[in-house]
Amino acid sequence: FAPPIAYHSFPRSFQVYLTDVNYYRPGQQKKGLPRTLKLGGHLVRERQKMDTSVVLSFSVGAVLAALVLASYKLGLLYQLFHKTERQSPRHGGESVAEVLRSHGIKFVFTLVGGHISPILVACEKLGIRIVDTRHEATAVFAADAVARLSGTVGVAAVTAGPGLTNTVTAVKNAQMAESPLLLIGGAAATLLQGRGALQDIDQMSLFKPLCKFCASVRTVREIVPTFPIDTLYPYHVVEKEFAPKNTPKGLMGKIIAWYLKNHLSNLFAGAWETRDLSPLAVQKCVELVSRAKKPVILLGSQATLPPTPAEDIRKALETLGIPCFLGGMSRGLLGKNSAIHIRQNRRDALKDADLVLLAGTVCDFRLSYGRVLNRRSKIIAVNRDRSQLLKNSDMFWKPTVAIQGDAGSFLLRLSQALKGHRCSEEWPQSLKEGDNLKEKGNRAKADEKTERHLNPLSVLHRVDELLAEDSIIVADGGDFVGSAAYIMRPRGPLRWLDPGAFGTLGVGGGFALGAKLCRPESEVWIVYGDGSLGYSVAEFDTFTRHKTPVIALVGNDACWSQISREQVPMLGSNVACGLAFTDYHTVADGYGGKGYLIGREDELQLDEIIAKAQKECKEGKSILLNVLIGKTNFREGSISV
């Protein structure tokens, strides 16, 4: 026996410590014999007096077990059956590219780095378009937009360390928006991790709270099998591959056989236990809806997610005839002018409603945590995520029926089950009358003259009237974008992109890039506040290089107005809220686009300038309209926390 052994190269759960066993011979007094032995993190208690041969025998077994574990962890067992092709020119980036192509991925968004170069080169060779941006967050935002508009997985690849940490906000935004997104991050070489290598940090700890799945690939062979093949075949087939051909001999053979048998048992344990596969509880909802006199549906972004096509959801809603309030990605689901789409006075409608259907809508700050719901109303809540389904139900509201499932699929089933039943037209008509009255008041506010520059409401109304029917609107800002949400009307399903519940600023450049790549024939507009523009104005360079022309409408009031509108009245100071009337149009020119400065003196030519911008965009030029705007009291009282 050698001196004391400690396999510190093992992961902690496999550390083995054997203390002083070499210092005793048969018959020698066992003075100082250790009371405990640590094996795999467990303490094995010894008797005070023990025959030395027993100690040695136990120690031999422990050493052999440690060797088996070491062989497994070092890949020695795997290498016994798999050849290492030392002369092969192939690299792991090719495997990544092949997997992406097999899943129908058309775009990979990136900011290049040495850690991921093999992936980018291999993807390009296989025909996957590599779109490089000026910031890693933009790459993830673009992938997010592709996921929302295409129904496939959006993919971004960034380099290690700061490249990956730059994406944290964008990944969290995608998580809260429930966008299917794959982020591939570079990492330091496996042997150098934890030793001070360039850009080496504990990346997994950052992303585990943000992602439903995180994995660190440590060998080339791990790249392709996203689903281990042994989970797809029957037990007897897998057992043939695992089971030893002959009865194992010796201690090591028995240990290996036990390990393989245990792995196989664990693989299939509980696999065929009975699980609830029943359909969604639609029947009770059918009864509630059929008895309701004043039902209302609130649709959230989740309702637009796959697998249910947005067009099918629209038809189902029109068949039901129930008035709808649309939020997030569901804006535009019912088109520009629908008789059942109600845009204004939501709080009043919810007070009068006797039934509210929350279809992917969450009772968070957007619904005052559920306080806007009438306690006498019957409430049907449908959401994929149980925590979102019941959020704040212990405080301000209670669901009559809560269904964890896909909101879009539920609406289709409800419509089919209620075939022949339609909401009385008097109810949506009364809400529509209130809608029209409120919008008439908003139009009157748009006609008012501001103290300086242009009225932002007037600008938004003019743009809305001139939008192309195939246009996509990307919302990135606070006060100006908040006003746009009341005024601009998406022309159809999946034609409005906003960050979602996380309220992230800076999504504009990435969302527009992804949208234009998915819908190259569409006119893509970014509605920016002048504050949010600063996050992604550099992506005008990306738009130019990748020939993805868009139009940016910038409401420039030289202020973080969403914050200022409450900070000044409450605290008496505008500190940190003031900006400047910056020449953003010149920045666009410098990046290869075309910029226009629009002030009060251009008010009569505004329609002409917008039409010119649309024409130049169709010809391949990205346009930035730097519109100087004044202050109004529209949305007065709105807060930013």
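The values are calculated or read from the model by the stated rules, or taken from the named source; none is laboratory data. What you see is a predicted model, and the numbers here were worked out from it, not measured in a lab. Here Cβ is always computed from backbone atoms with ideal geometry, including for glycine, and neighbour counts include all displayed protein chains. Remember, those area values only see protein heavy atoms, side chains included, never the ligands or the DNA or RNA. Shrake-Rupley method; radii C 1.70, N 1.55, O 1.52, S 1.80 Å.
Expressed in nm to one decimal, what extension gain is obtained for the pair residue 202 and residue 348 from 0.36 nm per residue of sequence separation less their Cα-Cα distance?
Between residue 202 and residue 348, full extension yields 47.6 nm more.
Report residue 453's accessible area, 1.4 Å probe, all protein chains in place, as a number in Å² to the nearest 10.
40 Å²
Under a 1.4 Å probe, what is the accessible area of the range 282-430 per residue, stated in Å²?
44 Å²
Show 525, 560 ordered by accessible area, largest first, where the area counts protein heavy atoms only and the probe is 1.4 Å.
Order by accessible area, largest first: 560, 525.
Mind listing the phi-derived Karplus ³J(HN,Hα) values for the range 595-611, rounded to whole Hz, using 6.51, -1.76 and 1.60 with θ = phi - 60°, and x for any glycine or proline?
Calculated HN-Hα couplings, in order: x, 10, 9, 10, x, 4, 5, 9, 4, 6, 9, 4, 4, 5, 5, 5, 4 Hz.
So, in Å, what gap is there between the alpha-carbon centers of the range 471-485 and the range 331-399?
Answer, in whole Å: 22.
Around residue 594, which amide H atoms from residues at least 5 apart in sequence, or from another chain, sit under 5 Å from its own amide H, with H modelled in the peptide plane?
For residue 594, the qualifying residues are 622, 623, 624.
So if I restrict to the alpha-carbon atoms in the range 490-641, what is the Rg, and what is Dmax, the biggest pairwise distance, in Å?
Considering the range 490-641 through its Cα atoms, Rg and Dmax are 16.1, 49 Å.
Given Cα positions, please report Rg to Rh for the range 119-188, the hydrodynamic radius being the Kirkwood one.
When Rh is taken as the Kirkwood radius, the ratio is 0.96.
Rounded to the nearest 10 Å², what accessible area does residue 486 show when all protein chains are kept and the probe is 1.4 Å?
100 Å²
From the phi of every residue in the range 559-572, what ³J(HN,Hα) in whole Hz does the Karplus formula 6.51 cos²θ - 1.76 cosθ + 1.60 yield, where θ is phi - 60° and glycine or proline is x?
6, 7, 5, 4, 7, 4, 5, 10, 5, 5, x, 7, 10, x
Could I have the simple spin-label model distance between residue 466 and residue 386, label points 7 Å from Cα toward Cβ, reported in nm to one decimal?
5.3 nm
With a cap of 14 neighbouring Cβ atoms within 10 Å, and only residues DSSP puts in a loop, list the GluC sites (Glu not before Pro) found in the range 351-456.
425, 448, 451
With every protein chain in place, what's the accessible area of residue 312 (1.4 Å probe, Å², nearest 10)?
Spelled out: residue 312, probe radius 1.4 Å, area about 60 Å².
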